[in-house]
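Please read the structure below before turning to the comments.
The values are calculated or read from the model by the stated rules, or taken from the named source; none is laboratory data. Here the structure is a predicted model, which means the values were calculated and not measured. Neighbour counts are summed over all protein chains in view; Cβ atoms, including those assigned to glycine, are modelled from backbone coordinates with ideal geometry. All accessible areas refer to the heavy atoms of the entire protein, side chains included, with ligands and DNA or RNA removed. Shrake-Rupley method; radii C 1.70, N 1.55, O 1.52, S 1.80 Å.
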Amino acid sequence: MYEILKSERLVPNIHLLKIESEFIPKKARPGQFVILQADERGERIPLTLADWDEEGITVIFLTIGTSTRKLAALKEGDSLYTLVGPLGRPTEISSHREVLGIGGCYGIGAIYPALKAFQEAGSSVRTIIEARSANLFYWTDRLSRVSGEILYVTRDGSKGFTGHIDQFLKDYLKENHPDLVYVVGCTFLLYLVAEATRPFGIKTIVSLNPIMIDGTGMCGVCRVIVGGKTKFACVDGPEFDGHEVDWNVLFARKHSYFDEELRSLSFFECERYG
Amino acid sequence: MAKLDLNRRPMPKQDPKERIKNFNEVALGYTPELAIAEAKRCLECKRPLCVKGCPVEIDIPGFIKLVAAGRFLDAVRLIKKKNTLPAICGRVCPQEVQCEKTCILNKKGAPIAIGRLERFVADYEAEVGKVTIPKIEKKTGKKVAVVGSGPAGLTVASDLIQLGHDVTIFEALHKPGGVLVYGIPEFRLPKRIVDREVDYIKKLGVRVVLNFVVGMTMTVDEILKEYDAVFIGSGAGLPWFMSIPGETLNGVYSANEYLTRTNLMKAYLFPEYDTPIKIGRRVAVIGGGNVAMDAARTALRLGADEVIVIYRRSRAEMPARVEEVENAEEEGVKFQFLTNPVRYISDDHNQLVAVECLRMRLGEPDASGRRRPIPIEGSEFVIPIDVCVVAIGNSPNPLIPKTTPGLETGKWGNIIIDEATGKTKKERVWAGGDVVTGAATVILAMGAGRIAARSIDEFLRTGKW
Ligand SMILES: Cc1cc2nc3c(=O)[nH]c(=O)nc-3n(C[C@H](O)[C@H](O)[C@H](O)COP(=O)(O)OP(=O)(O)OC[C@H]3O[C@@H](n4cnc5c(N)ncnc54)[C@H](O)[C@@H]3O)c2cc1C
Ligand SMILES: Cc1cc2nc3c(=O)[nH]c(=O)nc-3n(C[C@H](O)[C@H](O)[C@H](O)COP(=O)(O)OP(=O)(O)OC[C@H]3O[C@@H](n4cnc5c(N)ncnc54)[C@H](O)[C@@H]3O)c2cc1C
Ligand code: FES
């Protein structure tokens, strides 16, 4: 069960796993996620569905701490201990005049299913992808299949616009008028985009990534404040209106276990590499 | 008849000073000698009142007589006719308000320790490895899906498989057992005991599918296309918060999160296990039930210097089992009665540093029959803490009702059933346990499972809804 069908390093730090799944592909919808555990001692961590077919599902992740390192070390033929989903509410797909998709980090891949669905629903789609440097882009061929145009933003200027996404959007949105902005990636990217679109009043959907355990509304660790109300991101989200999110609370909660994560990582590295 | 013996045999326990340093079971169980001595105290009443106090009507005097005669395996077999999970119920049932309350010797303040005897014979059976597999009826070819592997689901599965139906349990988490694995701590109910019971029903032929969230992975309607009947035993897993300022601060936990991290994810073994938990120095637990006691005692074992239970009524109104309150006190948990939190206070980094509380006094009895707590104006005071666990209650998770047209739910999101049969308003769907009653007890969930199993069997045989 949950056999690894494909394990591939896409670019430095970003890894792809395709995992065998009997049930999830039948129900999966854009914007949903799964929870997985590499082994019996592992943490339960959520990852967004980046793709799926009859054989299984694909996730793309940044190798950052113990759990994602354990996952990245799995080889074809190995198995996960836990895979459960699909979880969360799917993206609300409808026809828009113009959808602007923005992806960074794992979001460059995870944004794909929703953009595909927006295009199939008759929206015109444009995509901006953002990274530190040009060698960190991947899946551009796929993204170009579901978007009219791809724009690049790199911090070092090795491709496209030089700088941060918010600097780029400041001018871009003066001349372009998407009626929906859809963002997937690290929390800081989500925040920068939401703040950049706010003055233009463009509806901005962000895929939040707080800490989770069960993913079914049982523990409450994933609570976020949206529009002044407490929501459980795993069942009420993970996608919310970016202009309503209380970013301070989200950032702070994500760092709840900063010390423990470092300890876990050094323990893991000692065990594995001596 | 035996001579009146009022010496209720105590059960050996780990020393409080030692036990707060480990997660091993606190109560160590009777030895055969202690069990026999305790059993011999039974007066063998003609009309045993204890049985009336048992929600599943175990033949209590019958099994106690067998214990007294040293026939431990026969005793456990007799219990198992009515209760498939004696090792669990012997540990966690609130006997003091059930069988032991109605025991005639309770009038003299020394009821037979029925729970301890139940636990003893169940453990004995497992230890000597003499667990027998009951007879399974001829296969009927009917298929039943059970949602949730808590005590309600396990009971339904075990009853229906023995009647010849095919049974599949669908469980959302990666381990079966419901609250028994994710909620109740290791030191009160060792997980190997739950594993043992689950292995047993697997041996009977029940299929257990883990990591399957009904409503998401498949809806009840989709399951009904492949199965003849569905039982919903999904529990009361949605944690309540008080809606006071500061609840999203780092350091504020729901009891579900705190206990799940510790029990299911084994955070007490961090970093050998990957899931972390905050080891507070001063931990407050809000609430007065079993869940609050479990959270408080867990906090001590994780290494807290001081643990304070904050409860808005007084000791007399606490819903927790007396035995667990005593255990907590022995271990050094402090109690702050007639106190209610009004806001959490943080430092500059969203980290909890204190809780502001109001003192309360008791007014007239409310709908629950307990005296209503009334805030005393101007009595605010601050307790410095770095971790707070909110254990004020749970209600059923709305995931299944929301994705299942035709189910009727009540005010708390509980599924409405016909009590005599467990039938919901939706054809071929039954429900029972905490999802119906709201947070209750293991034995009541099992009782509800048994009623539903009977009705499901009848339906499968007659085809009549
Ligand atoms: C709905 C959702 C979808 C996500 N999709 C993706 C994805 O497609 N690709 C991807 O790379 N990342 C995704 N994430 C984030 C991903 O879950 C974390 O990066 C991962 O858990 C880190 O684990 P770690 O042990 O490697 O790192 P750690 O060292 O444990 O932590 C690094 C960071 O990850 C976060 N994190 C830690 N534990 C958890 C947890 N149990 N749940 C969530 N976050 C945690 C912490 O905030 C921390 O800042 C998603 C998160 C959510 C909530
Ligand atoms: C900390 C704590 C301590 C307690 N102490 C005691 C005690 O000492 N004595 C006592 O008698 N009672 C105690 N209780 C109460 C008792 O545990 C419950 O009443 C009992 O477990 C209810 O059984 P259940 O089968 O209805 O549900 P649960 O035990 O809650 O099991 C429900 C199962 O369904 C699963 N599930 C939920 N939704 C889905 C879904 N959509 N798809 C698939 N699976 C799903 C859950 O993951 C869970 O495994 C305690 C409860 C807690 C939380
Ligand atoms: S992850 Fe537990 S409630 Fe959302």
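Whenever a residue of the range A:60-71 is closer than 14 Å to A:Arg272 by Cα, its partners that are modelled with pLDDT of 95 or more and near ligand 1 (Cβ under 6 Å from one of its atoms), lying with C-beta atoms within less than 6 angstrom and at least six residues away or across chains, give the pairs A:Ser67/A:Glu43; A:Ser67/A:Ile45.
Out of the residues in the range B:293-314 that are out of contact with any Ser or Thr (no Cβ under 8 Å at 6 or more places or on another chain) and within 16 Å of B:Ser368 (Cα to Cα), which is surrounded by the fewest Cβ atoms within 10 Å (Cβ to Cβ)?
Taking the range B:293-314 first, the residues out of contact with any Ser or Thr (no Cβ under 8 Å at 6 or more places or on another chain) are B:293-297, B:299-301, B:303-309, B:313-314.
Next, from what is left, pick out any that are within 16 Å of B:Ser368 (Cα to Cα): B:313-314.
Details: B:Arg313: 19, B:Ser314: 17.
The residue in question is B:Ser314.
Give the range A:220-242 a look and list any residue that's within 11 Å of ligand 3 (Cβ to nearest atom) and over 21 Å from B:Gly251 (Cβ atoms), or say none. Working first, answer last.
From the range A:220-242, those within 11 Å of ligand 3 (Cβ to nearest atom) are A:220-224, A:231-238; that's our starting set.
Listed by number, the residues that qualify are A:Val235, A:Asp236, A:Gly237, A:Pro238.
Here the condition is being without any contact (Cβ under 8 Å) to a residue 12 or more places away in the chain and farther than 29 Å from B:Ile277 by Cβ; of B:Gly369, B:Gly432, it holds for B:Gly369 alone.
For every residue, the table says whether it meets (1) within 13 Å of ligand 1 (Cβ to nearest atom); (2) touching a strand residue (DSSP E or B) at 6+ places or on another chain (Cβ under 8 Å); (3) open to solvent by less than 50 Å² (accessible area, probe 1.4 Å); (4) charged (D, E, K, R).
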| position | (1), (2), (3), (4) |
| --- | --- |
| A:Asn13 | yes, yes, no, no |
| A:Ile24 | no, yes, yes, no |
| A:Phe33 | yes, yes, yes, no |
| A:Glu40 | no, no, no, yes |
| A:Arg44 | yes, yes, yes, yes |
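Out of B:Gly177, B:Gly215, one residue alone is within 10 Å of another protein chain (Cβ to nearest Cβ) and at positive phi. It is B:Gly215. Of all residues being within 14 Å of chain B (Cβ to nearest Cβ) and modelled with pLDDT of 95 or more in the range A:84-124, which is most open to solvent (accessible area, probe 1.4 Å)? Just the residue, please. Selected residue: A:Arg89.
Being under 30 Å from B:Thr262 (Cβ atoms) and more than 10 Å from every other protein chain (Cβ to nearest Cβ) is true of A:Val59.
Every residue, every condition in (1) within 23 Å of B:Val291 (Cβ to Cβ); (2) assigned by the TED database to the domain that holds B:Asp166; (3) more than 16 Å from ligand 3 (Cβ to nearest atom); (4) open to solvent by less than 30 Å² (accessible area, probe 1.4 Å), yes or no:
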| residue | (1), (2), (3), (4) |
| --- | --- |
| B:Arg370 | yes, no, yes, no |
| B:Pro373 | yes, no, yes, yes |
| B:Glu408 | no, yes, yes, no |
| B:Lys411 | yes, yes, yes, no |
| B:Ile417 | no, yes, yes, no |
| B:Gly422 | no, yes, yes, yes |
| B:Gly447 | yes, yes, yes, yes |
| B:Ile451 | no, yes, yes, no |
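Test B:Lys278 against the stated conditions and say whether it is open to solvent by 20 Å² or more (accessible area, probe 1.4 Å), within 16 Å of ligand 1 (Cβ to nearest atom), under 25 Å from B:Ile345 (Cα atoms) and within 9 Å of chain A (Cβ to nearest Cβ). Spelling it out, B:Lys278 is indeed open to solvent by 20 Å² or more (accessible area, probe 1.4 Å), within 16 Å of ligand 1 (Cβ to nearest atom), under 25 Å from B:Ile345 (Cα atoms) and within 9 Å of chain A (Cβ to nearest Cβ).
On the given criteria, is B:Arg301 closer than 22 Å to B:Met242 by Cβ and of a type in the set (D, E, K, R)? So B:Arg301 fails the test. Checked against the criteria, A:Gly148 counts as more than 14 Å from chain B (Cβ to nearest Cβ), in contact (Cβ under 8 Å) with a residue 12 or more places away in the chain and loosely packed, with under 15 Cβ neighbours inside 10 Å.
I'm trying to understand the selection: among the residues of the range B:262-275, which are hydroxyl-bearing (Ser, Thr, Tyr), without any contact (Cβ under 8 Å) to a residue 60 or more places away in the chain and either more than 9 Å from chain A (Cβ to nearest Cβ) or surrounded by fewer than 23 Cβ atoms within 10 Å (Cβ to Cβ) (or both)? Within the range B:262-275, just B:Tyr273 meets the criteria.
Across the range A:193-249, the qualifying residues are those that are in contact (Cβ under 8 Å) with a residue 60 or more places away in the chain, touching an Asp or Glu at 6+ places or on another chain (Cβ under 7 Å) and within 9 Å of ligand 1 (Cβ to nearest atom), and the one among them that is nearest to B:Val179 (Cα to Cα) is A:Ile213. In summary, strands (runs of 3 or more DSSP E) completely within the range A:41-113 and bearing 2 or more residues that are within 16 Å of ligand 3 (Cβ to nearest atom) and more than 14 Å from the chain's Cα centre (by Cα) occur at A:82-87.
Of the residues making up the range B:14-44, those that are surrounded by fewer than 15 Cβ atoms within 10 Å (Cβ to Cβ) and not in a helix (DSSP H, G or I) are B:Asp15, B:Lys21, B:Asn22, B:Asn24, B:Leu28, B:Thr31, B:Glu44.
Restrict the check to the range B:78-98 and report whether at least one residue is of a type in the set (Lys, Arg), closer than 30 Å to A:Arg44 by Cβ, within 14 Å of another protein chain (Cβ to nearest Cβ) and in contact (Cβ under 8 Å) with a residue 12 or more places away in the chain. Before the answer, list the steps.
Step one: of the range B:78-98, the residues of a type in the set (Lys, Arg) are B:80-82, B:91.
Okay, now just the ones that are also closer than 30 Å to A:Arg44 by Cβ, so B:91.
Of the ones still in play, those that are also within 14 Å of another protein chain (Cβ to nearest Cβ) are none.
No, the range B:78-98 has no match at all.
The residues of the range B:145-175 that are more than 7 Å from ligand 2 (Cβ to nearest atom), open to solvent by 20 Å² or more (accessible area, probe 1.4 Å) and out of contact with any Lys or Arg (no Cβ under 7 Å at 6 or more places or on another chain), listed by number, are B:Gln162, B:Leu163, B:Lys175. In the range A:223-232, the residue that is farthest from ligand 2 (Cβ to nearest atom) out of those that are touching a Gly at 6+ places or on another chain (Cβ under 8 Å) and facing chain B (nearest Cβ under 10 Å) is A:Val224.
What about B:Val206, is it farther than 23 Å from B:Thr404 by Cα and within 16 Å of ligand 3 (Cβ to nearest atom)?
Details: farther than 23 Å from B:Thr404 by Cα: yes; within 16 Å of ligand 3 (Cβ to nearest atom): no.
Answer is no for this residue.
Within the range B:433-441, the presence of at least one residue that is at pLDDT 95 or above and in a loop (DSSP other than H, G, I, E, B) is confirmed.
I'm checking my understanding of the structure. Among residues of the range A:188-219 that are within 16 Å of ligand 3 (Cβ to nearest atom) and more than 14 Å from chain B (Cβ to nearest Cβ), which one is surrounded by the fewest Cβ atoms within 10 Å (Cβ to Cβ)? It comes out as A:Asn209.
Only residues that are within 9 Å of another protein chain (Cβ to nearest Cβ) and either touching a strand residue (DSSP E or B) at 6+ places or on another chain (Cβ under 8 Å) or among the aliphatic types (A, V, I, L, M) (or both) were counted across the range A:233-249, and they come to 3.
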